[in-house]
Amino acid sequence: MRALIASALLTFLFPLSAFAFPFGGQAALVIPCYNGAIYAFIGPPIGGPYIWTPSTQTYRNGPPTHSGQWLLGLAGAPYYCIVSIEPINVFPGTAIMMLGTSQQ
C-alpha cells in the first residue's frame, strides 16, 4: 500500500508531459500558417520540424521570419500548422515554448 501511495505522489509531483527539451540550429524552411503559427524546419545540431505559436515566449528579434536565421529555444508538446485550406494541408511539428532568433 505504501508503495502505491509513493508511486502516485511521484507521478503527480513530476509529470513527464511538463518537461521541455532544448533545440537549435539554422532554419532551412519558414512557412506562415493559417492558424497564426509559423512552421520552421530547423537543421543541425538539434533540428527537426518546430512550430512557433502565438503563446511562445519570444525574445528580442521576434519569431522566425526567413531561411538562414538561427533559432535556439525550448520545445514541448506536439502541434500543427495549417498551410493551406483548399486542399487542406497540415504540417505536424513540436510547439516552441521559448525562442531566441538571430537577426540574419
| query | Out of (1) under 15 Å from F21 (Cβ atoms); (2) among the β-branched types (V, I, T); (3) loosely packed, with under 15 Cβ neighbours inside 10 Å, the odd one out for I85 is which? | reply | (1)
| query | Do we find a residue being in a loop (DSSP other than H, G, I, E, B), within 18 Å of P92 (Cβ to Cβ) and touching a Leu at 6+ places or on another chain (Cβ under 9 Å) anywhere in the range 34-55? | reply | no
| query | Across the range 56-75, which residue is modelled with the lowest pLDDT among those that are farther than 16 Å from L29 by Cα and in a loop (DSSP other than H, G, I, E, B)? | reply | R60
| query | In the range 16-33, what count of residues is obtained for those that are part of a strand (DSSP E or B), under 13 Å from G76 (Cβ atoms) and free of Cβ contacts under 8 Å to residues at least 12 places away in the same chain? | reply | 0
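Would the range 76-91 turn up any residue that is outside any strand (DSSP E or B), free of Cβ contacts under 8 Å to residues at least 24 places away in the same chain and farther than 16 Å from I31 by Cα?
Going through the range 76-91, the residues outside any strand (DSSP E or B) turn out to be 85-88.
The next check asks that each one be free of Cβ contacts under 8 Å to residues at least 24 places away in the same chain; those that pass are 86-88.
Add one more test, that the residue is farther than 16 Å from I31 by Cα, and what stays is 86-87.
Among the residues of the range 76-91, at least one is outside any strand (DSSP E or B), free of Cβ contacts under 8 Å to residues at least 24 places away in the same chain and farther than 16 Å from I31 by Cα, which makes the answer yes.
The values are calculated or read from the model by the stated rules, or taken from the named source; none is laboratory data. Note that the coordinates shown come from a computational prediction; the quantities given were computed from them, not determined experimentally. Neighbour counts are summed over all protein chains in view; Cβ atoms, including those assigned to glycine, are modelled from backbone coordinates with ideal geometry.
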